[in-house]
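**Q** Here you go, one structure.
The values are calculated or read from the model by the stated rules, or taken from the named source; none is laboratory data. Keep in mind that what you see is a predicted model, and the values were worked out from it rather than measured. Quick reminder, even Gly has a Cβ in these numbers, built from the backbone with ideal geometry, and neighbours come from all protein chains shown. Protein only, heavy atoms only, side chains kept; ligands, DNA and RNA dropped before computing areas. Shrake-Rupley method; radii C 1.70, N 1.55, O 1.52, S 1.80 Å.
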Amino acid sequence: MTRGRAKLVVEVRSSVRRGVPGAVRIGRWVREAVGAKGNGAELAVRIVGVAEGRRLNLLWRGRDYPTNVLSFPAPADAADGKARRSLGDIVVCAPVVVREAKQQHKRVDDHWAHLLVHGALHLLGHDHERESDATRMERRERLILARFGIADPYRISSAVSERAAVSERR
């Protein structure tokens, strides 16, 4: 943190009670992703269930299923009249995170960290629409997660790839 600059304020709200990391851990993951760009800023993390996750995904992306994470960057003029500028909001669907972690044989907390880092990078303008952008964003995610001792989230474990190969042969 730069001297004299306030660190990023992360507001966490959850409508889900079980299987959700604490606000302190969520704040650490998001602050690491945002880095110095978060100084003097704020962002909100909203943790939702399946119904709300599905509704938001349908409303904003036109896809009728709950997704793991949605990011809503704040408009450029969001700081007008505020003491802090808003980076935007991250919405995470807790049941989807847990299900995906189990399916992908990942630690649930590691998957939470990955999706929050991913969402925070979207708030900073990163995306994965083009392959070169995806490569750059994934590289950044790997570096940030490694600081927490979290393995590459894009590396498919040998057990998962072996099962996929067996399924394809059937």
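**Q** Relative contact order (percent) for the stretch 48-148, with alpha-carbon contacts under 8 angstrom and 6 or more residues of separation?
**A** Worked out over the stretch 48-148, it gives 24 percent.
**Q** Keeping all protein chains in the complex and leaving out DNA, RNA and ligands, what accessible area do you get for Ser14 with a 1.4 Å probe, in Å² to the nearest 10?
**A** Accessible area of Ser14: about 40 Å².
**Q** Then there is this: Let me check something: with ligands and nucleic acids excluded, how do Arg136, Arg84, Arg17, Arg130 order by accessible area (1.4 Å probe), largest to smallest?
**A** Values: Arg136 125, Arg84 60, Arg17 195, Arg130 150 Å².
Final ranking, largest accessible area leading: Arg17, Arg130, Arg136, Arg84.
**Q** Be a star and scan the stretch 114-136 for residues whose amide nitrogen sits under 19 Å from the point 7 Å along the Cα-to-Cβ vector of Ala36.
**A** The answer is 121, 124-126.
**Q** Quick query: amide H of Val45 versus all other amide H atoms, modeled in the peptide plane; which residues come in under 5 Å with a sequence gap of 5 or more or a different chain?
**A** Amide H neighbours of Val45, under 5 Å, 5+ apart: Glu11, Val12, Arg13, Ile90.
**Q** Can I ask one more? Round to the nearest 0.05 the FRET efficiency obtained for Val24 and Phe148 when R0 = 22 Å and r is the Cβ-Cβ distance.
**A** Once the sixth-power term is evaluated, E becomes 0.95.
**Q** Tell me the accessible surface of His126 in square angstrom (1.4 angstrom probe, heavy atoms of protein chains only), to the nearest ten.
**A** Accessible area of His126: about 40 Å².
**Q** At a 1.4 Å probe radius, carbon and sulfur cover how many percent of the accessible area of the stretch 1-50?
**A** With neighbouring chains kept in place, the figure for the stretch 1-50 is 49 percent.
**Q** Which one, Gly119, Leu143, Ala101, is farthest towards the positive end of the dipole of the stretch 97-146 when Lys and Arg carry +1 and Asp and Glu -1 on their Cβ?
**A** Ala101
**Q** So if each residue of separation counts as 0.36 nm, and I subtract the Cα-Cα distance between Val50 and Ala6, what length gain in nm does that give? List each step's numbers first, then the result.
**A** Details: separation 44, 0.36 × 44 = 15.84 nm, distance 3.47 nm.
Additional length available on full extension: 12.4 nm.
**Q** Could you order Glu100, Glu11 so the one with the most accessible surface comes first? Probe is 1.4 Å.
**A** On the way: Glu100 30, Glu11 80 Å².
Ranked from most to least accessible, the order is Glu11, Glu100.
**Q** Can you tell me what share of the DSSP beta bridges in the stretch 20-129 is antiparallel? A percent to the nearest 5 is fine.
**A** If I count the DSSP bridges inside the stretch 20-129, around 40 percent turn out antiparallel.
**Q** Using θ = phi - 60° and the Karplus curve 6.51 cos²θ - 1.76 cosθ + 1.60, what whole-Hz ³J(HN,Hα) does each residue of the stretch 119-133 get, with Gly and Pro shown as x?
**A** x, 5, 5, 4, 4, 8, x, 6, 8, 9, 6, 9, 4, 5, 5
**Q** While we're on this one: Roughly speaking, what is the stretch gain from Thr135 to Asp64, that is 0.36 nm per residue apart minus the C-alpha to C-alpha distance, in nm to one decimal?
**A** On the way: separation 71, 0.36 × 71 = 25.56 nm, distance 2.74 nm.
Taking Thr135 through Asp64 to full extension adds about 22.8 nm, to one decimal.
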